[in-house]
């Protein structure tokens, strides 16, 4: 099991805080946006006296509500096709465990959400990364790259749309390309759509919108980012493939039920006014615009404009962002403040890729975000004056 | 993945209810005992505005509280030795995944909690059952049975104490026997102690009380039954083995965090008055006494007296309890009521064992329990008059 690139520097951040330094957390997708009060109130107002197991697939009332939510997103499913999970994490784990056998291979465009590695280890399957590049804004690799990676053991492709960690929003054409590949090679298409609502350029094409791939598509979803409700640990696995649903239900029964309190919250969330996402999306877009423009104004920094989610990957003028990110916490401060970033190397499956890249989560308000980038700017100046010239020379290649 | 013996008859129960028949649920360990109001209130009174991820190991404040809880149970650990999990289920899964490799074997006295099978499938390990017998009240099998089952691939023994599904409470001597075996063969001892507080005959010996096995013992725990809080989905993995903790933390980080709301509930539960368990335990003991005496008064039924938990396994004068349990829901009612039981075959790893046994969870109040046993009594009379004589003849063998 590899350590999480998002969390592995936590001890250094804790040490910096103990020294009295303020740390801006751009390393982790924990939004500062408030959870809507009415859905928190729904939990406060629960009226049961016994905190019982729910149905293993989640409360039927919640699943019926989710049908309405998905309908609004242009996805037609019934409540039997939805299994409520403990976060998106469990949806991914159940998908892997139910559809793949030990030794099977799953193709994932890299950089990718690092925890897929953990679930792959748990399910004893092999991740085969195919590279997307910062120069093209992390667009879908060409069909030829998929074809090259596919073997007799390949059983699935994972697509995160919009993407974590790149923020890339896959187009309708790219999704149709994926459809062709999965049909041709009889693969599952695991679609992680945790950031569905956060699209700033163009519209979202869900894998569930694709026609003729009902048996292939498994949607892995979560309310964590959608409603700023990460701690609830409520997600869902959605598919029209009956055999997959039956197998997932066995795993769901083995772990008894998803958490009860947060199902109440999730159910209430479906009744939020339709404009709820407008406000949240506008806020994230403002942050993205600030982040991307500020980053690209720093000498030697390049950050493509992400179309969705709330992440960006930037290339920095450093030789090794793992070292740089640690140095930011261990040896640097500006006005008694510093910034915590996620080194991008941990999001790549291929060794030595992403060494000069970092992932930034724009989960702080614009004021904090601006101060955080001030820190980064000053840090890059200082770092490249303190590290040996020979090392810096390499980074400009 | 085998289906859950506890839940597989649910569709028949639903059909019975649709016909207007009242179903007494003795199939599942869902207590009717109220969750203590003060711990539900702790959740109602939360004061955060963003439902954030917690620490992957669980809130530090909760882990520090748990240290106090364990101290009262005679278990000395610090908060670094506790990882909060999503129910006891996840503690078991993490234990299996962290300590065992694909193909490893784990020995479990049977009948055993059927969901161990699911976690074994998930971790790709093999369960080797060794049989305990109803005639001895399901006491620990002799050392010779363990020795016979141990191979080079054996890595662990699972002990559930007090036991689900048998209710058997392992003695200090039996726990010392297990210690000898795990030390001799260098095995892990996975201890599921979900029912620690519910011991009616003698005292509980935790695997964590054993001396000299700090590297071997992994405790899998949950608040579900302790505080009648099954829907919270909060448990804990506790061990003094540093390497195991480090590996479990990687799995914990991959799934981000345990549910936030129920951690508040768990933390408040540690402050319940010391006499909280006295009341609950007295209630369960009353039910057990009623259940066991009523069952043993029915011709052809034998039920050993369980020393703990809230389950009992009874032998019935039927040929196949799977069929009988289905018949109870499909074809029987007494005063428009029937009873749902868990066929015991699903708790055995060895084929064809437990065919004439059922598990009963005494999770209903004595009045309901008494009516449920009325149903069972009438049902056995009716069943043995309706099934072909030849079939019944077999059951008496």
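Once you have a ≥ b ≥ c as the square roots of the Cα gyration tensor eigenvalues for region A:1-142, tell me rounded if a/c is under 1.5, and otherwise prolate or oblate according to whether a/b is larger than b/c. Cα axes put region A:1-142 in the oblate bin. Across the identical copies, the 7 Å label point of residue A:214, projected outward along Cα→Cβ, sits 5.9 nm from its counterparts, in ascending order.
Neighbour counting of Cβ atoms within 10 Å sorts the residues B:363, B:121, fewest neighbours leading, into B:121, B:363.
Fewest-first ordering of A:113, A:334, A:227 by other beta carbons within 10 Å of each residue's beta carbon gives A:334, A:113, A:227. For region B:301-389, the alpha carbon convex hull comes to 102 Å³ per residue, rounded to a whole number. Sorted from closest to farthest, the other copies place their residue B:281 label points 5.8 nm away, with each point set 7 Å from Cα along Cα→Cβ. Compute the whole-percent fraction of alpha carbon pairs in region A:163-298 spaced more than 20 Å apart. Percent of Cα pairs beyond 20 Å in region A:163-298: 57. Axis angle, to the nearest 10 degrees, between helix B:87-99 and the longest C-alpha principal axis of chain B: 60 degrees. Rg and Dmax of region B:230-292, based on Cα coordinates, read 17.0, 46 Å.
Each helix, a run of at least 4 DSSP H residues, gives -39500 (n - 2.57); summed and divided by the residues of chain B, these come to -12000 deg cm²/dmol at 222 nm.
Cβ crowding within 10 Å ranks B:239, A:49 as A:49, B:239, fewest other Cβ atoms first.
Where the centroid of each part is defined by its Cα atoms, how far is region A:1-66 from region B:61-84 in Å? Rounded to whole Å, the Cα centres lie 23 Å apart.
Each listed q (0.08, 0.10, 0.15 Å⁻¹) maps to a log10 I(q)/I(0) for chain B from the Debye sum over equal C-alpha point scatterers, namely -0.42, -0.66, -1.40. Overall dimensions of the protein assembly as shown, expressed as equivalent-ellipsoid semi-axes from the Cα gyration tensor (√(5λ), whole Å, largest first), are 49, 28, 25. Whole-percent P(r), region B:4-75, all Cα pairs, 10 Å bins from 0: 13, 24, 25, 25, 13, 0. Averaging the sequence gap over all C-alpha pairs within less than 8 Å and six or more residues apart, then dividing by the number of residues, gives region B:137-212 a relative contact order of 37 percent.
Our summary gives chain A a relative contact order of 25 percent, counting only alpha carbon pairs under 8 angstrom and 6 or more residues apart. Taken residue by residue and averaged, Cβ atoms of other chains lying within 10 Å of the Cβ of B:246-255 number 6. Averaging 1/r across all pairs of distinct Cα atoms in region B:210-363 and inverting the result yields a Kirkwood radius of 19.1 Å. Once both axes come from the Cα atoms, what is the angle between helix B:172-185 and the longest principal axis of chain B, in degrees from 0 to 90, rounded to 10? Roughly 60 degrees, rounded to the nearest 10. The angle separating the long axis of helix B:60-72 from the principal Cα axis of greatest extent in chain B is about 60 degrees. Per residue, the convex hull spanned by the Cα atoms of region B:107-219 measures out at 99 cubic angstrom. Summary for residue B:352: label point 7 Å along Cα→Cβ; distances to the equivalent points in the other copies, ascending, 6.2 nm.
Computed over chain B with a Gaussian network model linking Cα atoms closer than 10 Å, the most mobile of B:298, B:223, B:339 is B:298.
FYI, it's all coordinate maths here, none of it is from the lab. Quantities reported herein were computed from a predicted structural model and do not represent experimental measurements. Every residue, glycine as well, gets a Cβ built from its backbone with ideal geometry; the counts of neighbours run over all protein chains shown.
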